[in-house]
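Novice: After the structure tokens below, expect a handful of questions from me.
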Amino acid sequence: MPHFAARTAVIDALKNKGLYRDTKSNVMSLGLCSRSKDVVEPMIKPQWFVSCNSMAKGALDAVKSKKIEIIPPQYEQDWYRWLENIRDWSLSRQLWWGHCIPAWYVTLEDDKEKDMGSYSDHWIIARDENDAILEAKQRYPGKKYQLYPDPDVLDTWFSSGLFPLSVLGWPDDKPDLSTFYPGSVLETGSDILFFWVARMVMMGMQLGGDVPFQKLSSMENCSCAKFFSCQ
């Protein structure tokens, strides 16, 4: 049911049950689409999350033990404040660009509900579509099914958080990866200390087995980032 029609239906249902009290005008700001002029309203959708507790602890310990040196040290408190209060990270973005979420949904021929996500146990996480097909065949032997990729993409900070690894050929075992990872110095702006830098450290330690750099030079109003790897 369209949302505007649903509002009227809810009011009618309340009236029928004798629960309706009153309707009052309320002055408010209303967002409109610049193209269609439709009312822009929040839409609740399922999202993918990753637990960051263990990764955040590793990033905290790396700074406390001076495995990573933050320069100037005043920004250490910002580092601690963010990572000591870490929450699960919502990875899903409903955009037209970005790295695809590596998830596929299986719709079985005898499923009563055919919409994507109707059954939480029908999701398959795989490295690529071929691996997803193999997993589906093993999980549902002898059954007819359709496999659909999740249309969402990864948060851009997730993709950019892989930067120290991906530029060196990861996930393949390239000579550059073993030679230049971890790097020596990252020079960047203090405004993205958590959004980018902490994510690089968490993911570098989780996927690369070590911190991505030994020194972090954080500056105000820095418009670029420089990554140095000296071996």
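Each reported figure results from applying straightforward, stated rules to the coordinates on display, with no laboratory input. Not measured: the values here are computed from a predicted model. Virtual Cβ from ideal backbone geometry, glycine too; neighbours counted across all protein chains shown.
Novice: So, by mean Cβ neighbours within 10 angstrom, what's the order for 6-16, 190-200, 176-186 with the highest one leading?
Specialist: Working: 6-16: 10.9, 190-200: 19.5, 176-186: 16.8.
So the peptides 6-16, 190-200, 176-186, ranked by packing, come out 190-200, 176-186, 6-16.
Novice: What GluC sites (Glu not before Pro) does the stretch 83-182 have in DSSP loop regions with at most 14 other beta carbons within 10 Å?
Specialist: The qualifying sites are Glu109, Glu113.
Novice: Take the alpha carbon atoms of the stretch 25-91, find their center, do the same for the stretch 100-138, and report the distance between the two centers in whole angstrom.
Specialist: Answer, in whole Å: 29.
Novice: In the chain, what % of DSSP beta bridges are antiparallel (nearest 5)?
Specialist: 70
Novice: Given (1) 17.9; (2) 20.0; (3) 11.8, which label gives mean projected area of the Cα convex hull in nm² as computed from the coordinates?
Specialist: It is the value labelled (2).
Novice: My understanding is that a pair violates if its Cα-Cα distance is over 23 Å; which of Lys17/Lys45; Lys45/Lys143; Lys112/Lys143; Lys45/Lys114 do that in this structure?
Specialist: Lys17/Lys45; Lys45/Lys143
Novice: Treating cross-link reach as a plain straight distance, find the lysines whose alpha-carbon is under 29 Å from the alpha-carbon of Lys215, omitting any fewer than eight places away in the same chain.
Specialist: Reachable lysines: Lys57, Lys64, Lys66, Lys67, Lys174, Lys226.
Novice: Okay, moving on. Taking Cα pairs under 8 Å and at least six residues apart, what relative contact order does the chain come out at, in percent?
Specialist: 20
Novice: Also: So what's the stretch 139-179 giving for Rg/Rh, alpha carbon basis, Kirkwood Rh from the mean inverse pair distance?
Specialist: Computed over Cα atoms, the ratio is 1.27.
Novice: Would you mind getting me the FRET efficiency between Lys17 and Asp61? Use the beta-carbon distance for r and R0 = 45 Å, nearest 0.05.
Specialist: Once the sixth-power term is evaluated, E becomes 0.20.
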